C-alpha cells in the first residue's frame, strides 16, 4: 500500500479546519499521515491544532503565501505521495484509496479527483485542461487527458489545489511550488512543469472532495474581492513565464486582454454597488501594482531554491484514525430531540449523515455531522403512492430521500435509521435498522383536533400515513424515542450497527 502525506494549509479558519481534520479522520485508508501548515493565524487555530497534537505533524509558515506554505508541507512530508486539501474542504472516505490507484503507473507524477462546490451536490471542478497562458477549459468526464502528457504540449491537465496529489519524488525533482504564485495558479504551474519534465498528470474521477466556500483575506462572504493584487501578480507572471515562451506576441495580447477584463470587473462591481468608490480605487491600484510586480518577477531570471533539501523529513507519522460506525438518519424535518441525540452520538465518535427536506439540495459537513438537504420533486413518488396507498406529497418525499440515500451509500453506512412521522424511510424500508419514534402522524392528529373537522383530510391523508407508521412499528424491532436516555439509544445503535 502506497503511503500518503496529506497536507492541509490553513490561515485563520479554525472552525472549518476542525471539520477538515474530522473529515480526514474518517478516511478509509491504512497508511497516511497528516501535516498541517499554519500560516500567521490570529484566530483559534492554535487551540484546534493542540487538540490534535500527537496525531498530526504541525508546521508554521510565517507569511500568508500558499506556495511557500505548500513547500513547507512537502519538506515535512514522509509519504510516497503528497496530497493537498484546503482548510475549508472535507474528503469522501474513499478519497485516498481512489487517488492511490493512479500511482500504480510509475510514470504518474500527479493525480487529482473531482471536487464538489459549497452546495455539495454541484461540481466545482472535474476535468480541466489549461493552455500556456493559464486559461482553463472544461472537458467531458470521458475525455482522455493522457494524450496531453507530452512535454511542450499546448494544452495539459491541470489539477485543482484542494483535491490534488503528487508523487513526492516528482514534486522534489521539479523544486516544488513556485512562491511567486502566493495565491492562484500555483498548482497549474506545477502541473505544467511536471509534464514538461516527463511526468504524467491525470484524474481520478471517484476521488471526491467537498469544498465549502469560506471568506478569506482575498474575498468576503459575498465573494467580492477584498484585494486582487496577488491574483494579478500570479496571472501576469504565468503569462510571461510560460506563455511568452510559446509566443511573445500572443503573450502581449493575452496580458492586455486580462488587464482590460480586470479593470472592467472593478468597474462593474462599483456600478452594481457591490463596492464603494474607495474600494474601486484600491482594486485598480492592486491591478497596477500586480501587473508591475508580475512582470518584474517574470523577467528577474534565475530560479530560487524553493525546497530545502536538507529539511526533507524521513519520519512517517501514521495518522491514528479510528473507523467509527457510520449512521444514516432519514428524516423529514429536525426536532430538538433528534438534534440533541445526533450531537450526542457525534460526540461519542459516530459518523452521522442526516437526510432532510429543504427548498434547495445541498450536502455539507459541519460540526461533526453530514447534513444532506433534499429538494422535493413533484410526481417523483407517483408509483410508490399507488403501491403503498399513501398521499402523493409523502410519497414524493419518501422516493427523493430514498434516491439520495442510495447515492450516498458508498460513504459506508453501518446502520440506517428512520424517524417515524410520515415514515421517510418507506422507499428503503428493508434497509431500516432502527426506528426513531420522535412524533407520529397519530400524535399530530390528536394535537390538532381541528383536522378532524376536515374528514377527507383526516381519512385520506392522516389515516393512510398512520396505517403505514403502525405497520413500520410492527416490522422494525429496534426502536428508540424521547423517553429513552441518550446512553440507552447509543447502546441500541451499537448493538444494531456493530459500533
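Rule-based calculations on the coordinates, nothing more; no lab input. Being a predicted model, the structure only gives us computed values, none of them experimental. With ideal geometry, Cβ positions are generated from the backbone for all residues, glycine too; neighbour counts draw on all protein chains shown.
Things worth noting here:
- In the chain, the longest principal axis of the Cα atoms and the axis of helix 229-238 are about 60 degrees apart.
- Estimated translational D of the chain in µm²/s (Stokes, Kirkwood radius over Cα pairs; 4 °C; 1.567 mPa s): 52
- Fraction of alpha-carbon pairs over 20 Å apart in the range 271-409 - percent: 70
- Based on Cα contacts under 8 Å between residues 6+ apart, the range 326-497 shows a relative contact order of 20 percent.
- Tilt relative to the chain, helix 392-407 - C-alpha long axis, 0 to 90 degrees, to 10: 40
- Stokes-Einstein, applied to the Kirkwood radius of the range 102-156 over Cα pairs at a viscosity of 1.306 mPa s and 10 °C, places its translational diffusion at 124 µm² s⁻¹.
- Relative to the dominant Cα principal axis of the chain, helix 66-76 is inclined by about 80°.
- Overall form of the range 165-222 per C-alpha gyration tensor (a/c, 1.5; a/b vs b/c): oblate
- The range 269-383, relative contact order [Cα under 8 Å, separation at least 6], %: 16
- Computed from the C-alpha gyration tensor, the three semi-axes of the ellipsoid equivalent to the range 1-42 are 22, 12, 4 Å, from longest to shortest.
- Inter-centroid distance (Cα atoms) of the range 7-28 relative to the range 389-404, Å: 35
- Mean residue ellipticity (222 nm) of the chain, computed from DSSP H runs ≥ 4 via -39,500 (n - 2.57), nearest 500: -11000 deg cm²/dmol
- Anisotropy class of the range 205-358 from Cα gyration tensor, a/c 1.5 cut: oblate
- Fully extending the segment from residue 122 to residue 309, taken as 0.36 nm per residue of separation minus the present Cα-Cα distance, adds 63.3 nm.
- Each label was represented as a point 7 Å from its Cα along the Cα-to-Cβ direction; for residue 470 and residue 268 these points are 6.1 nm apart.
- In terms of surrounding Cβ atoms within a 10 Å radius of their Cβ, 238, 365, 460 rank from fewest to most as 460, 365, 238.
- Rounded D (µm²/s) - the range 326-497, Kirkwood Rh over Cα pairs, Stokes-Einstein at 4 °C, 1.567 mPa s: 79
- Relative contact order of the chain, pairs being alpha-carbon contacts under 8 Å that are 6 or more residues apart, as %: 13
- Where N is the number of residues in the range 407-482, Cα Rg divided by 2.2 N^0.38 Å: 1.25
- Here the spin labels are modelled as points 7 Å beyond Cα on the Cα-Cβ line, and at residue 63 and residue 221 they lie 3.1 nm apart.
- In this label model, residue 322 and residue 136 are separated by 3.8 nm, measuring between points 7 Å along each Cα→Cβ vector.
- Cα centroid separation, the range 252-293 to the range 88-152 (Å): 31
- Bins of 5 Å, starting at 0 and running to the largest distance - Cα pair percent for the range 350-398: 5, 22, 21, 16, 14, 12, 8, 2
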